[in-house]
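Only one structure is covered here, and it is reproduced in the block below.
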Amino acid sequence: MSKVFVNIGLSLDGYMAPEGMTMGKPEYKNWGAKWGAMMAWILKQQYFRENVLKLEPGGETGPVNDLVRSTVERIGANIMGKRMFDQGEIAWPEDAPFHTPVYVLTHEKRDPWVRPGGTTFYFVNDGPERALALARESAGSRDIRIAGGADVIQQYLSLGVVDELEIALAPVLFGGGRRLFENLQESVPQFRIDSVLDGSAATHLRYVRQ
């Protein structure tokens, strides 16, 4: 069966997103600079630049680039929350950077939104379990990434269905924002360290479910 995993960037003080993060206003509470500092590592990787962002050839190669490649290539479907989708709908290019089916948890009724490059957004009104069932069906033998935001990741952790956590921990302090590990049930699964990869701008931590 396909695995369910989380793959995100995280600030040193535990935030997925800085306070005031609103697309179109990167100067507000300096969130744009904070976010950019946290995610700078991935924007330099050759595989991400060429295959996800569809930029001109070039970028860094090596173990971190190989990690990015293996992560992207394992994804058969993504799940995200409505807030993340709303922010991204403003900022993503026409060829949205997923290239898989994406299931959006929402109360809004909306027809699927087909984008170039293999990304189709499906809007699920029946809760996280239904979104996961649909994602499993479309992913086949590949894995399902819980893309975010923090509240959606917390829901799937509390449901006990997350098999792996991949965290790129950047040496950046936000001082406020949306924390990753909040509002969890006491019965969440336990994880063990699987691997640690030191990069120049982030430490890449992988945990697997015990």
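Being more than 18 Å from ALA17 (Cβ to Cβ) and either touching a residue at least 24 places away in the same chain (Cβ under 8 Å) or basic (Lys, Arg) (or both) is a property that does not hold for ILE79. Being assigned to a strand (DSSP E or B), surrounded by 12 or more Cβ atoms within 10 Å (Cβ to Cβ) and in contact with a helix residue (DSSP H, G or I) (Cβ under 7 Å, 6 or more places away or on another chain): is that true of HIS99 here? For HIS99, the condition - assigned to a strand (DSSP E or B), surrounded by 12 or more Cβ atoms within 10 Å (Cβ to Cβ) and in contact with a helix residue (DSSP H, G or I) (Cβ under 7 Å, 6 or more places away or on another chain) - is not met. Residues that are of a type in the set (Ser, Thr, Tyr) and farther than 30 Å from VAL124 by Cα are absent from the range 15-26. Quick one: which residue in GLY9, GLY59, GLY24, GLY76 is at pLDDT 95 or above and open to solvent by 20 Å² or more (accessible area, probe 1.4 Å)? Criteria check complete, one pass: GLY59.
Here the range 142-175 is the region considered, the condition is being assigned to a loop (DSSP other than H, G, I, E, B) and touching a Phe, Trp or Tyr at 6+ places or on another chain (Cβ under 7 Å), and the residue that is farthest from THR106 (Cα to Cα) is PHE174. For the range 123-141, the set of residues classified as assigned to a loop (DSSP other than H, G, I, E, B) and either under 11 Å from the mean Cα position of the chain (by Cα) or small (Gly, Ala, Ser) (or both) consists of GLY127, GLY140, SER141, listed by residue number.
Okay, residues lined up against (1) part of a loop (DSSP other than H, G, I, E, B); (2) out of contact with any His (no Cβ under 8 Å at 6 or more places or on another chain); (3) more than 18 Å from GLY148 (Cα to Cα):
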position	(1), (2), (3)
TYR47	no, yes, yes
THR71	no, yes, no
ARG83	no, yes, no
ILE90	no, yes, no
GLU94	yes, yes, yes
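In the range 109-116, is there at least one residue being aromatic (Phe, Trp, Tyr), assigned to a strand (DSSP E or B) and farther than 27 Å from LEU159 by Cα? Yes - at least one qualifying residue is present in the range 109-116. The lone criterion from (1) closer than 25 Å to GLY59 by Cα; (2) part of a strand (DSSP E or B) left unmet by PHE5 is number (1). A single member of ALA139, ALA170 is touching a Ser or Thr at 6+ places or on another chain (Cβ under 8 Å), farther than 19 Å from MET16 by Cβ and surrounded by 17 or more Cβ atoms within 10 Å (Cβ to Cβ), and it is ALA139.
Among the criteria (1) farther than 22 Å from LYS34 by Cβ; (2) open to solvent by 20 Å² or more (accessible area, probe 1.4 Å); (3) not hydrophobic (A, V, I, L, M, F, W, C), the one GLU182 does not fulfil is (1). Look at the range 91-102: where a residue is acidic (Asp, Glu) and a partner is at pLDDT 85 or above, sitting 6+ places away or on another chain with Cβ atoms under 7 Å, you get GLU94/ARG115; GLU94/PRO116; ASP95/LYS54; ASP95/ARG115; ASP95/PRO116; ASP95/GLY117. Filtered by the rule that a residue be among the hydroxyl-bearing types (Ser, Thr, Tyr) and open to solvent by 60 Å² or more (accessible area, probe 1.4 Å), the range 194-206 gives a lone residue, SER200.
The values are calculated or read from the model by the stated rules, or taken from the named source; none is laboratory data. Everything numeric here is computed off the predicted structure, so don't read it as measured data. In this analysis, Cβ positions are derived from the backbone assuming ideal geometry, glycine residues included, and neighbour counts consider all displayed protein chains. Calculation scope for accessible area: heavy atoms of the full protein, side chains included, ligands and nucleic acids excluded. Shrake-Rupley method; radii C 1.70, N 1.55, O 1.52, S 1.80 Å.
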